[in-house]
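Peer 1: My questions all concern the structure below.
Every read-out reported here was derived from the displayed coordinates using simple, explicitly stated rules and does not represent laboratory data. Keep in mind that what you see is a predicted model, and the values were worked out from it rather than measured. Virtual Cβ from ideal backbone geometry, glycine too; neighbours counted across all protein chains shown.
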Amino acid sequence: MGLESRLPSGLLLTSVEKFVNWSRAGSTWPVTFGLACCAIEMMTTGAANHDLARFGMEVFRGSPRQSDLMIVAGRVSQKMAPVVRNLYDQMADPKWVIAMGVCASSGGMFNNYAIVQGVDHLVPVDMYVPGCPPRPEMLMDGILALHDKIKQEQLVERPRKGESMEDFRRRTGWAGPEVAEVAAERGAAPVPDGRSALPMARR
Amino acid sequence: MFNALRKGFGLTFKTMFRPAVTYEYPEKAKPVAPRYHGRHVLNRHEDGLEKCVGCELCAWACPADAIYVEGSDNTPEERFSPGERYGKIYQINYLRCIFCGLCIEACPTRALTMSNDYHLTFDNRQDYIYEKDRLLAPLPEGAKPPPHTDAEVAARGIAYYEGKSSQTPLASRSDALDHGDVSTGSHPDETHDPALAGTEPKG
């Protein structure tokens, strides 16, 4: 993801990981960025009554380079698509995306040539929040779910507590030792456990 | 200068003892309006039969094409709804649904209504396609899950659709011709009248 991908695996896996995730979840700064009517509801969420500051998220940063979270609020038109992608690329890792509202999530009722049918065609979406527009509680619901997801993130991918190998493979797309053998046949460096054939953290 | 500081921080200090104006959402959810448009519910009759007759009017009314219905015929042995047909497959895509309620207005049997639930956050698109397992209302106390047989339904003698249906709901027209005595509706004489056979329930 960032710095931690350069650290050797097997190190810093529990306490530091928890601390890093806790601090990331507690200061997920969104980028000031609204595309349509959902942005009004996003402003409401940030304002006094619902007060995103309770989750350390009141600073809607003016620059994508200072933000961690992109809340795509509103329909993404074809003309806006490269701009959205550009903003996402300018954000520093680690970064997350919430698709707010049905239009950003899937195109919603605008199933036509002008609207991108879901912002996940452009950027990887971590959490969908449906609704037209979603009420602030729904957005907060999505934000809290995203916080939980951030707290679950791993510096190095490995099976979670109580997670079966099958579930782990489904979650991470980890192919297993047999793929490592194929890689070894192709002349790649020998891998002891098949793990290092993977990128350290996928994102 | 100290006077200004004292005044400023004094206000902050005093605010700590005032009641909070913020909606403390995740801990205390503010109740929504009683007619809030939330997630749909597919209702049941008091005996557990589904109200949905698979007419697809909701799917036709939907401006976002979020609803997919596939109806199927009830048989005397396997009866899911009191009508001639029932909704075999019923899907609502909550990434398209804009919660406008036109489907509710279109529904002739009040099978589809909306609840006040707005917790719809997932991190993938697949989970947003709600099928009957998540849409159907829970079974009433002591009711048997469908399918029921016609004999069971007739024995109960419930006036479905508030008794407003001129056609007996117990059997479709062809069934009624085959097993004449199965139909024990409120107007047995009109059962075979072709002019009345297609009359819509006005419930």
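Peer 1: Return the distance in nm (one decimal) between the two label points of a simple spin-label model at residue B:119 and residue B:88, each offset 7 Å from Cα along Cα→Cβ.
Peer 2: The answer from the label model is 3.5 nm.
Peer 1: Related question: Residue-wise, which Karplus ³J(HN,Hα) couplings in Hz belong to region A:76-86, taking 6.51 cos²θ - 1.76 cosθ + 1.60, θ = phi - 60°, and x for glycine or proline?
Peer 2: Couplings: 9, 7, 4, 6, 7, 4, x, 5, 4, 5, 5 Hz.
Peer 1: Still on this structure: Of all beta bridges DSSP finds with both residues in region A:66-136, what is the antiparallel percent, to the nearest 5?
Peer 2: 10
Peer 1: Something else: Provide the per-residue ³J(HN,Hα) series for region B:113-130, in order, calculated from phi with Karplus coefficients 6.51, -1.76, 1.60 and θ = phi - 60°, each as a whole number of Hz, with x at glycine and proline positions.
Peer 2: So the Karplus estimates, Gly and Pro as x, are 9, 10, 9, 9, 7, 10, 8, 9, 10, 9, 9, 8, 6, 4, 5, 7, 8, 7 Hz.
Peer 1: How many Cβ atoms of partner chains, on average, are near each residue of A:148-161 if near means within 10 Å of its Cβ?
Peer 2: Counting other chains' Cβ atoms within 10 Å and averaging over A:148-161 gives 0.
Peer 1: Using only the alpha-carbon atoms, what does region B:1-109 span along each of its principal axes? Please give whole angstrom values in decreasing order.
Peer 2: 87, 31, 19
Peer 1: Which order do the peptides B:70-79, B:106-115 come out in when sorted by mean C-beta neighbours inside 10 angstrom, highest first?
Peer 2: B:106-115, B:70-79
Peer 1: Further question: Shielding by partners for B:122-131, please: the mean number of other protein chain Cβ atoms within 10 Å of each residue's Cβ.
Peer 2: Per residue, the number of nearby Cβ atoms from other chains is 3 on average.
Peer 1: Could you work out how much longer the chain between residue A:40 and residue A:86 gets when fully extended? Use 0.36 nm per residue separation minus the Cα distance between them, nm to one decimal.
Peer 2: This chain segment gains 14.3 nm when fully extended.
Peer 1: Arrange the following residues from fewest to most other Cβ atoms within 10 Å of their Cβ: B:30, A:95, A:151.
Peer 2: Ascending Cβ contact count within 10 Å gives the list B:30, A:151, A:95.
Peer 1: Which of A:38, A:132, B:100 comes first, and how do the rest follow, when ranked by fewest Cβ neighbours within 10 Å?
Peer 2: The order, fewest Cβ neighbours first, is B:100, A:132, A:38.
Peer 1: Checking the cross-link filter: which lysines have an alpha carbon closer than 16 Å to that of residue B:144, excluding same-chain neighbours under 8 positions apart?
Peer 2: Cross-link targets: B:51.
Peer 1: For labels at residue B:36 and residue A:144 in the simple 7 Å Cα→Cβ model, what's the distance in nm?
Peer 2: Going from the residue B:36 label point to the residue A:144 one covers 1.3 nm.
Peer 1: Oh, and also: For region B:45-51, in order, what is each residue's ³J(HN,Hα) by Karplus, 6.51 cos²θ - 1.76 cosθ + 1.60 with θ = phi - 60°, in whole Hz (x at glycine and Pro)?
Peer 2: These are the phi-based 3J(HN,Hα) values: 6, 5, 9, x, 5, 7, 7 Hz.
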